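In what follows, a single structure is set out as structure tokens and then discussed.
The values are calculated or read from the model by the stated rules, or taken from the named source; none is laboratory data. For clarity, every value in this text was computed on a predicted model and none was experimentally measured. Don't worry about glycine lacking a Cβ; one is built from the backbone with ideal geometry, like all the others, and counts go over all protein chains shown. All accessible areas refer to the heavy atoms of the entire protein, side chains included, with ligands and DNA or RNA removed. Shrake-Rupley method; radii C 1.70, N 1.55, O 1.52, S 1.80 Å.
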Amino acid sequence: ETGVTQSPTHLIKTRGQQVTLRCSSQSGHNTVSWYQQALGQGPQFIFQYYREEENGRGNFPPRFSGLQFPNYSSELNVNALELDDSALYLCASSLGGATDTQYFGPGTRLTVL
Amino acid sequence: AQRVTQPEKLLSVFKGAPVELKCNYSYSGSPELFWYVQYSRQRLQLLLRHISRESIKGFTADLNKGETSFHLKKPFAQEEDSAMYYCALSGAGAGSYQLTFGKGTKLSVIP
């Protein structure tokens, strides 16, 4: 059974740029959730995708957008990067129930200069 | 709005001593509560959830709806318990997809 993978591991961008982060779900999982974890904070929910449709969204502006593909992998896109977007971005996959256990990836560390 | 509070950023205990990591929550309905753990250089992983009512690695947690708490306990701490612990909440119905995390407590077990 393959676990959740994320790419890239880390990257550096400048303010105003756009970034795409990728996530591959654990085998058999059709739900993907994305979280932002700032330094010293707990993960904060961005949105969730279930079978290619957005299933819920946290308190993040529209410049945070996502996609889920037929193979259930997912992308997180962030436009017009701001310094405060610097964080660890976590992807978690689950079987599909709203409260099913979420399995986390290792994260992508984004630094915005 | 749902909120999770972990009052201690850091908790240091001696090996063999009891451990209690505090978690309080705010939610208007019937929540589901979780504890997640992150060991050094590892990914975030589920430790236990209240509906399972099981003990994992000697840890237990009881949901107290009257006090809106879900404290994590272990009678005898081990060095391998040193890690970052996060309490999380998921609501029922609308918002059930969303895990709300506390800021975490770093547990350090002193040999």
field: Hits in segment A:50-75 (condition: open to solvent by 70 Å² or more (accessible area, probe 1.4 Å), in a strand (DSSP E or B) and acidic (Asp, Glu))
entry: A:GLU53, A:GLU54
message: Can you list the strands (runs of 3 or more DSSP E) lying wholly within segment B:31-111 that have 2 or more residues being more than 15 Å from B:THR5 (Cβ to Cβ)?
response: B:32-38, B:45-49, B:72-74, B:83-90, B:105-110
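Name the residue that is nearest to the other protein chains (Cβ to nearest Cβ), counting only residues in segment A:4-49 that are basic (Lys, Arg) and part of a strand (DSSP E or B). Give the derivation first.
So the first thing to find is which residues in segment A:4-49 are basic (Lys, Arg), and the list is A:13, A:15, A:22.
Okay, now just the ones that are also part of a strand (DSSP E or B), so A:13, A:22.
Working: A:LYS13: 23, A:ARG22: 16 Å.
Looking at the filtered set, the residue picked out is A:ARG22.
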